[in-house]
Structure formats: structure tokens, C-alpha cells
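Worksheet for the structure shown next.
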Amino acid sequence: MIWIDIATPKYAMFFIGMIESLEKRGYEVLVTTRYAPNYTEAKQILELHNIPHIVLGEYGGATLLEKFEARIFRQKEILDLFRNRGVPKVLICGAVVDSVQVAYGIGIPVVNIYDTPAFTRAGDDSCPTELTAVARLTLPFSRLFFYPFIFPKELMLRFALDENQIESYPFIDVALWINAIKKDSKNDFRIRYGLDTSKPTILVREEEYKAHYVKEQIPTIYEVIPLLKQSLDANIVIMPRYEKELLMRDFGAYATILEEKLKPEEFYPFLDLFIGGGGTMNLEAVCYGIPTISTRSIWLIHDQYLLSNDLMFWSQDAKAIVVIAKKMIGKRVDSKSYFVRGECNFNHIIHRIEKEILC
């Protein structure tokens, strides 16, 4: 039995293809995730793609105390599951602290596939030195660790791993699912929400302000919404991160608030501009060719990569964002060659796991 633990929406999208590939090879795959009333997206994505899964624990909330309490509770639920189902042969995950530390503690080999190991600084192209907390708590426990080609190998070796334990793959994660999208009018979310399809559409996504690495909730993305309404004759749509009721109360007069999780093919093909406070959706939008403005309060290697290659804009000034929006709305971004530099699938990763762990 192969255990895949999925803690975030991004890794729900990422592992769908791997789950399908492993099952085609005849492996039994146990998929686990977490769920909370205000942290529903990972589970929703698995449900949208008909992936059987087990919910263990929930998102811990905004404080370190709450996160640690939730981790302990979830780890106990994982152990109880294994007492009933048996112990898996391997754990594969995107550096999930709960599952990695349980697996290592009870002797399950750990395979991490992860793309957020360190912070960087604006305009600094040198190897970053500020490691993320999740990376510190997970990557050193890896039997194997796979990472996107844009990361320097010397960064990965800082986690006390040998060169034979680490390997890059020739694509940025989001290309796995974004490059497969085909525009089809029957998927158009604008019709479902009664939006005017003759107008350009702007999607706004909040920052993941409850994440451990976000120090404060930056107001820029909320300040820009009424300004966009005043300045552009466009559909303005907000994709909530946590509490959609608050967004409806505060911004219902300016924008449409999405009420359910959508598949990427239901919205990306119908966007003319994306304004994002997070990481994965910024990457997805750029990969699809949508002009993208980041308001993110932190810098990771992906952000630096996009900005240094003029694939994305960044600002935390609401008025400046409106100026950029007016200039860039509807202009496509030619980004394909920056996201894929070789085979874009799981074949090699699975082969190496089979050879070194499952043999």
C-alpha cells in the first residue's frame, strides 16, 4: 500500500495524476487529507476529481499553538488508521509535517515532492538562505526528495541530504494540470454566475494569511477591489481563501464572490486578468498566459523566477495595481517555455520510487 497525504489544494491538484498513474500500475493507494469548516479546498478538489480519500484531522488555524495542537491530534488519527488498515510501504507527500514525522517515527520511507523550501529577497538571485519552517520539519526525513528544476541543488543539500537522495524534475508543478486545459464554453463559470460574458473578467485571490509563513494580513488586495470597480468596466470576481461570508458582506456590492470550488478549466480560460496574494494560483495564471499581478507579502523562489523573467507584476500599492490592470488586461503572456524543460509527467519519479523503495 502506498500512502499519499494531501494537506493543501495545490498538492491535491498535483497528486491527482500520480494517483492515477500508480493505480494503473496496480498499486493500492491510500489517500488522506485534512478538513475544517474554513479550510475545505483540498477535500473539495479530491471530490471534484472522484478520488477516494480519508479525512484525518483538520487545519489548525492562525496561531502556532492551534497548529501544533491540530498536528498532535492528526498524528494520533493517522496511527489509529494504521492499526486498522496496516502500515503502508511508503509515504509520498508535499512535505506535510504531520505525516512525515509519523512515517519517520514508525519506519515508513518518506518521499517528499516539494516546491517551497526557502524564502528569498526581492531582486536577489543568489541561493536563498532563509529556510521555511515546514521544510526544516520535513525534508531532512526524506529517503528521496524531488523538486522543480528552478531550484539550486546547493539549497537542497542544506537539509543534510546526500546528492543521491535529491533529484530535480524538468517542469514547474502547475504545468502538470494547466497545460492540459482546453477552453470549452460549456465550462464557463461566468454563465453559471450570471456575469456579462462580453466584458473582461478579473479574478482576485486572497493571500493565505493563516499560513505559518505569512506574518501579517496585507490590506492591498482588499483596497484594490472598489478601485477596480470604479476604474474598469469589467466583471470582478473574488475567489475566497477562508471565510466567504465576510467577503460577501464587505465586497458583495463590488464583486461576485465564488461560492464553491471550481476546476481550473472552469475559470482560467475565461479570465482577462488575475490579481493574486498567493503562490500557486499566480503560477497557474501565468502558466496559462493570463496577465498576473501579485500582491504577495512574501517572496519565494517561484516569485523571483516569474518576476525576473518579466512574466508577472508585483505591487502592494492599490492605485499602482489599477494602473497596471488597465494596461495589461486581456494581453496574453507567452510563458510555456519557462514552465516545461522536458518530460512533464510522473513516469521517472515513480520509476525511481519503485527501484529504490518498492522493489
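Just so you know, all these numbers are worked out from the coordinates, no wet-lab data involved. Here the structure is a predicted model, which is why all the values come from computation and not from measurement. Heads up, the Cβs are rebuilt from the backbone with ideal geometry, glycines too, and the neighbour counts pull from every protein chain shown.
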Among Pro109, Pro117, the single one that is surrounded by fewer than 22 Cβ atoms within 10 Å (Cβ to Cβ), of a type outside the set (A, V, I, L, M) and more than 18 Å from Arg71 (Cα to Cα) is Pro109
Hits in the stretch 152-191 - residues which are without any contact (Cβ under 8 Å) to a residue 12 or more places away in the chain and assigned to a helix (DSSP H, G or I): Leu157, Glu163, Asn164, Ser185, Lys186, Ile191
Is it the case that Ile290 is in contact (Cβ under 8 Å) with a residue 40 or more places away in the chain, in a loop (DSSP other than H, G, I, E, B) and touching a helix residue (DSSP H, G or I) at 6+ places or on another chain (Cβ under 8 Å)? yes
Do we find that Thr129 is among the polar types (S, T, N, Q) and over 21 Å from Ala7 (Cα atoms) in this structure? yes
Look through the stretch 229-247, keep the residues that are surrounded by 16 or more Cβ atoms within 10 Å (Cβ to Cβ) and hydrophobic (A, V, I, L, M, F, W, C), and return whichever of them is farthest from Leu195 (Cα to Cα). Leu247
Restricting the stretch 325-352 to residues that are of a type in the set (A, V, I, L, M) and in contact with a Leu (Cβ under 9 Å, 6 or more places away or on another chain), which is surrounded by the fewest Cβ atoms within 10 Å (Cβ to Cβ)? Met328
Residues (under 21 Å from Met248 (Cα atoms) and either assigned to a loop (DSSP other than H, G, I, E, B) or touching a His at 6+ places or on another chain (Cβ under 7 Å) (or both)) located in the stretch 258-270: Leu258, Glu259, Glu260, Lys261, Leu262
Determine whether Glu260 is touching a residue at least 24 places away in the same chain (Cβ under 8 Å), over 26 Å from Pro148 (Cβ atoms) and either of a type in the set (A, V, I, L, M) or surrounded by fewer than 23 Cβ atoms within 10 Å (Cβ to Cβ) (or both). yes
Tell me whether the stretch 264-275 contains one or more residues that are of a type outside the set (Ser, Thr, Tyr), buried (at least 21 other Cβ atoms within 10 Å of the Cβ) and closer than 27 Å to Thr132 by Cβ. yes
